[in-house]
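Worksheet: one structure, shown below.
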Amino acid sequence: MTDATQTAPQRWKPDWAWGTILAIPLILAVLAPAEIRPTIIFALKAFANTLPFILFAIFAVGYLKATNAETLLAKAFEGREGRMIVLAALAGGISPFCSCEVIPFIAAMLAVGAPLSAVMAFWLASPLMDPAMFAITAGTLGVDFAIAKGLAAIVIGLFGGLVVRSMAKTVVFADPLKNSPVKSCCGCSDENGPFSGAVNWKFWQDAPRRAEFRDTVLENALFLGKWLLLAYMLEALMLKFIPAEWVAQVLGGDGILPIILGAIVGAPAYLNGYAAVPMVAALLEQGMSQGAAMSFVIAGGVSCIPAAVAVWALVKPRVFVAYIGLAVVGAVLAGISWNMVTLM
C-alpha cells in the first residue's frame with residue numbers, strides 16, 4: 001500500500017509538483033538553456049517506456065477499489081497472533097491503498113483488541129509495495145529488483161511484528177495508543193471507515209461502483225503521471241549535473257557503509273514512492289551500489305510523510321520511534337541481502 005490516492009480530494013487543483021514540472025524548463029532557460037530540450041525529451045521518452053506499467057497499475061488499483069476488495073484486509077486481524085502477523089505482513093505488501101486511508105481502519109482494529117504486533121507488521125510492509133509500485137519498479141529497475149523489494153517488504157513486516165510480539169510487555173510497547181480519536185488525513189468520508197461493505201468482483205453491474213472505478217482511474221492517472229513526469233525530469237538533471245564520481249564514492253562499493261548511508265539518505269530524500277524509482281535508477285547509473293539502492297527505497301518508503309503520519313496519528317512517540325528504528329534496521333538487512341544476491 002502506498003500513497004497513490006492521497007491527493008484525490010484535490011485532483012483538479014494545481015500543486016507544487018505540477019509547479020515544479022513547469023518551473024524546471026524556466027530555470028534551465030536562465031541557467032542552462034542548452035539542457036531544456038534534452039531534459040524534456042529524456043523525461044517524455046522515459047515516461048513512454050514506462051507507460052504500459054503505468055496503465056496496468058492504474059486499472060489494477062481502479063478494479064480493486066471499485067470491487068471494495070480492501071475489506072478483505074480485516075481478515076488479516078482475526079485468529080491467533082502469529083497467524084495475524086503473517087497475514088498482516090502479506091496484506092500490507094500487496095494492498096493498493098493510501099497510507100492515511102487506513103488510519104480509521106487500524107484505529108478500529110486496535111480499539112477492538114487487535115495486537116500491536118500484527119498492526120506493526122502491516123504498517124511496515126504497507127508503504128513499500130503494492131501492485132502499482134511493483135509495475136513501476138519492474139519497468140524501471142527490473143523485475144528482479146521489484147520481486148526482491150516485495151519480498152523485503154513482507155519479511156520486514158514479519159520481522160517488526162515478531163519483535164513487537166516478543167517485547168509486548170516492555171515499557172516501549174505497553175499502552176501504545178494515543179487517547180484522542182483520529183480521523184483519516186485524506187478525507188475519507190465513510191463513517192464506518194474505508195474498509196466496510198461487501199466485495200463485488202463484477203463491479204460493472206453496479207452504477208456507483210462503475211463511478212468509483214472511473215474516479216479512481218482518473219485520480220491515479222493524474223497522480224502517477226504527475227510524479228513520474230517530475231521524477232524523470234529530475235533523473236535527467238541528476239545524470240547531467242551530479243558527478244558520477246561523487247555518487248560512486250559515497251554510495252558505491254560492496255561494503256556495509258554505503259548500505260547504511262543509503263538507508264540514512266533515503267528518509268529525507270524520499271519525496272514519493274513512485275518518484276523515488278527513477279531517482280534510484282539515476283543513482284545506480286552513476287555508481288550507487290545495489291545494496292544501497294535497496295536500503296534507500298526501503299527506509300525512505302517507510303519513513304515518507306504519508307506512511308509516517310499513519311503511525312504517528314495513532315500511537316505514542318516511543319512506539320513511533322520503534323517503528324522508524326525497525327524500518328532502518330530492516331532496510332540495512334535488506335540492502336545487505338540484495339547486495340549479496342547481486343554479487344553471486
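Worth a mention:
- Counting neighbouring Cβ atoms within 10 Å and putting the fewest first, the residues Val309, Val171 line up as Val171, Val309.
- Stretchable slack from Thr342 to Trp246, in nm (0.36 nm times residue separation minus alpha-carbon distance): 32.3 nm
- In Hz, Karplus ³J(HN,Hα) per residue of the range 228-235 (6.51, -1.76, 1.60; θ = phi - 60°; x = Gly, Pro): 6, 4, 4, 5, 5, 5, 5, 4
- Its residues counted as N, the range 201-268 yields a C-alpha radius of gyration over 2.2 N^0.38 Å of 1.87.
- Förster radius 41 Å - calculated FRET efficiency between Arg80 and Ala29 (Cβ-Cβ, nearest 0.05): 0.10
- At R0 = 56 Å, FRET efficiency that the Cβ-Cβ distance of Leu55 and Ala174 yields, to 0.05: 0.75
- Exposure proxy order (Cβ contacts within 10 Å, fewest to most) of Tyr274, Tyr63: Tyr63, Tyr274
- Taking the Kirkwood radius as Rh and the Cα radius of gyration as Rg, the range 300-340 has a ratio of Rg/Rh equal to 1.07.
- FRET efficiency, 1/(1 + (r/R0)^6) with R0 25 Å, evaluated for Leu257 and Ile147 via beta carbons: 0.45
- The lysines whose alpha-carbon is closer than 21 Å to the alpha-carbon of Lys45, local same-chain residues fewer than 8 away aside, are Lys226, Lys240.
Since every read-out is calculated from the coordinates, none of them should be taken as a lab result. Just so it is clear, the model here is predicted, and its values are computed rather than measured. Cβ sites come from the backbone with ideal geometry, for glycine too, and all protein chains shown count toward neighbours.
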